[in-house]
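Chemist: The structure under discussion is supplied below as structure tokens; questions concerning it will follow.
Only the coordinates and a few stated rules stand behind these numbers; no lab work does. Everything quoted here is computed from the prediction, not taken from an experiment. We place every Cβ from the backbone using ideal geometry, glycine too, and count neighbours over all the protein chains shown.
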Amino acid sequence: MDADAALASALNDGSYFSQPFPLFADLRRNVPVFYSQVLGGWVVTRYSDVSEILHNHEDYSSKGRVLHLINQLDDDVREKLPLLQMHFATGLAHSDAPEHKRLRGLLAQAFTPRISENMRPVSSQIVSQLLDQLDGEVELIADLFTPVPALVVGKLLGSEESDIPDLIRWAHAINGLYEKGGRISAEKALHAEAMLEEMRIFVMRLTSARRELRDQGQLDPHSDILSGLVNAELSGDSLTESELVSTAVTLFVAGHETTTHLLGNGFRALLATPGAFDEIKADADLIPQAVDEMARFDGSVPRSWRITKREMEIAGVKIPAGDLVLPILASANRDESIFEDPDRFDLHRDARKHLAFGRGVHVCLGAPLARIEGQEIIKELVRRYPNISLAKKSEDLEWRRDIALRGLLALPVKLA
């Protein structure tokens, strides 16, 4: 099997985006590790190897991943990207130990389980307000699954509702850097640079306002994440300005579109699986399991990425130091050696081993919040619309042509 040729063919005909799982199954069986010229990195598809890469931060680095992409560009383009290069040189998602441990520890003090759980009634209220405006045939991606996580994460960061359209626009531009996998588009990079500049100015304005409140003794450190981070500065061990802005930007960018498409992909699977929605109607206790099965079955982040710190060997294949490795989470989550009948959407499955939120030191900090949002949305949809159905055949739905973010362009449903 010429793995890269098969991958290129699937990308060209669009099947990689609409239905990549048969290809992943073939790769797991026949070529579980190979270098892809198309994606610009080593593709890894088996659960055991993917899990090892995610856990092994000693040999696989998260630092310098975006710079690895930017360095592919011509010198005259790179010179126009100073903010991207500075922004992605630091921050939680782009660091290794011991820097990462310090940053995550500081962020964990601000992004506490209490703050996440405090978002449950906020999520519920947002969902109800949005659904009050909907009736008949609606498009769930635009009408519900995009605004809910944007509004929730916006509140978590302490922004105003009027800021949300800008936050969505900025996040979409920055996520566009990764749509080609291990390659990068000069046009998308230049656009992301401009949008990142706007977003950083916005975050610095929010931060300054919180410092003023803190200095006046009027800051509630538990009101939002930025307030918690600003308050932590008093202890002496705080984020630098660059780290704080980078982390705040990353939290919104990572917590918005990924949750949108986790909900879209998962709800499509729920409605397309005979009897699944009826099971949830009969037993609301299945809702938390349903969200994790959604993440396993068709998560929104199909691949992770790391840089090898030294020469590594995976499944007998030697990978040089400094190369990009692309562990395919979507393939690992359908690995038949871990999940029985993996291509079946099963509400009763123990899906806790799934890798949709990552693993190891870089496991998604916002996973509890994404679960809460998913649970509140499903609960309210079940309560209001017990006969909701897809308005289009599942196989006729269109998917984003994006290697790093899997999602539907639209999810039309009939509310009933």
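Chemist: With a/c under 1.5 counting as rounded, go ahead and sort the range 235-373 into rounded, prolate or oblate using the C-alpha gyration tensor (a ≥ b ≥ c being the square roots of the eigenvalues; past the cut-off, prolate if a/b is larger than b/c, else oblate).
Modeler: oblate
Chemist: Using a Gaussian network model of the chain with C-alpha springs under 10 Å, which one of Ala321, Ala351, Ala89 is most mobile by mean-square fluctuation?
Modeler: With Cα springs under 10 Å in the chain, the top fluctuation among Ala321, Ala351, Ala89 is at Ala321.
Chemist: For the chain, give the share of DSSP beta bridges that are antiparallel, in percent and rounded to the nearest 5; count only bridges with both residues there.
Modeler: So the antiparallel bridges amount to about 85 percent of the total.
Chemist: Starting from the amide H of Ala391, placed 1.01 Å from N in the peptide plane, find each other amide H under 5 Å away whose residue is 5 or more places distant or on another chain.
Modeler: Val413, Lys414
Chemist: How would you order 286-296, 71-81 from highest to lowest mean count of nearby Cβ atoms within 10 Å?
Modeler: Listed from highest to lowest mean packing, they are 286-296, 71-81.
Chemist: Given axes a ≥ b ≥ c from the Cα gyration tensor, I'd like to know whether the range 1-151 is rounded (a/c under 1.5), prolate (a/b larger than b/c) or oblate.
Modeler: Verdict is oblate for the range 1-151.
Chemist: Checking the a/c ratio against 1.5 first, then a/b against b/c, what shape does the Cα gyration tensor give for the chain?
Modeler: In terms of gyration-tensor shape, oblate.
Chemist: I'd like to compare 21-29, 177-185: which one has the highest average count of other Cβ atoms within 10 Å, and what's the full order after that?
Modeler: 177-185, 21-29
Chemist: Need one number: the % of Cα-Cα pairs in the range 311-416 sitting beyond the 25 Å mark.
Modeler: 42
Chemist: Using 7 Å Cα-to-Cβ label points, what is the Glu241/Ser48 separation (nm, one decimal)?
Modeler: Spacing of the two 7 Å Cα→Cβ label points: 5.1 nm.
Chemist: Using +1 on the beta carbon of Lys and Arg, -1 on that of Asp and Glu, and nothing else charged, what's the dipole of the range 178-235 about the Cα centre, debye to 20?
Modeler: For the range 178-235, the charge dipole is close to 160 debye.
Chemist: On to the next question. Roughly how far apart, in whole Å, are the Cα centres of the range 120-185 and the range 257-272?
Modeler: When both Cα centres are located, 14 Å separates them.
Chemist: Turning to a different aspect of this structure: Charges on Cβ only, +1 for Lys and Arg, -1 for Asp and Glu, centred on the Cα centroid of the range 111-243; of Ala186, Val127, Val148, which one is farthest towards the dipole's positive end?
Modeler: Value computed over the given set: Ala186.
Chemist: Using just the helices of the chain, give the 222 nm mean residue ellipticity in deg cm²/dmol: DSSP H runs with n ≥ 4 each add -39,500 (n - 2.57), and the total is spread over all residues, rounded to 500.
Modeler: Result for the chain, helices only: -16000 deg cm²/dmol.
Chemist: If you don't mind, there's one more thing I want to ask. Which one, Leu107, Ser51, Pro22, is farthest towards the positive end of the dipole of the range 1-159 when Lys and Arg carry +1 and Asp and Glu -1 on their Cβ?
Modeler: In the range 1-159, that residue is Leu107.
Chemist: Right, next: Full extension from Ala5 to Phe21: what is 0.36 nm times the residue separation minus their Cα-Cα distance, to one decimal in nm?
Modeler: Extra length from Ala5 to Phe21 when fully extended: 4.1 nm.
Chemist: Expressed as a whole number of Å, what is the distance separating the alpha-carbon centroids of the range 61-89 and the range 355-406?
Modeler: For the range 355-406 versus the range 61-89, the Cα centre distance is 31 Å.
Chemist: Given springs between every Cα pair under 10 Å in a Gaussian network model of the chain, which of Ile201, Ile307, Ile126 has the largest fluctuation?
Modeler: Ile201
Chemist: Given charges of +1 on the Cβ of Lys and Arg and -1 on the Cβ of Asp and Glu, with all other atoms neutral, how large is the dipole of the chain about its Cα centre, in debye to the nearest 20?
Modeler: For the chain, the charge dipole is close to 500 debye.
Chemist: Now for a separate question. Do you know the relative contact order of the chain, to the nearest whole percent, from alpha carbon pairs under 8 angstrom that are 6+ apart?
Modeler: Dividing the mean separation by the residue count of the chain yields 26 percent.
Chemist: For Asp285 and Lys101 in the same chain, what is the full-extension length gain: residue separation times 0.36 nm, less their Cα-Cα distance, in nm?
Modeler: Length gained, Asp285 through Lys101: 62.7 nm.
Chemist: Of the options Ala367, Ile338, Ser246, report the single residue whose Cα projects farthest towards the positive end of the charge dipole of the range 242-391 (beta-carbon charges: Lys, Arg +1; Asp, Glu -1).
Modeler: Highest projection toward the positive end goes to Ser246.
Chemist: Determine, for the chain, the count of lysine pairs separated by eight or more sequence positions (or lying on different chains) whose alpha-carbon distance falls under 15 Å.
Modeler: Final tally of qualifying lysine pairs is 8.
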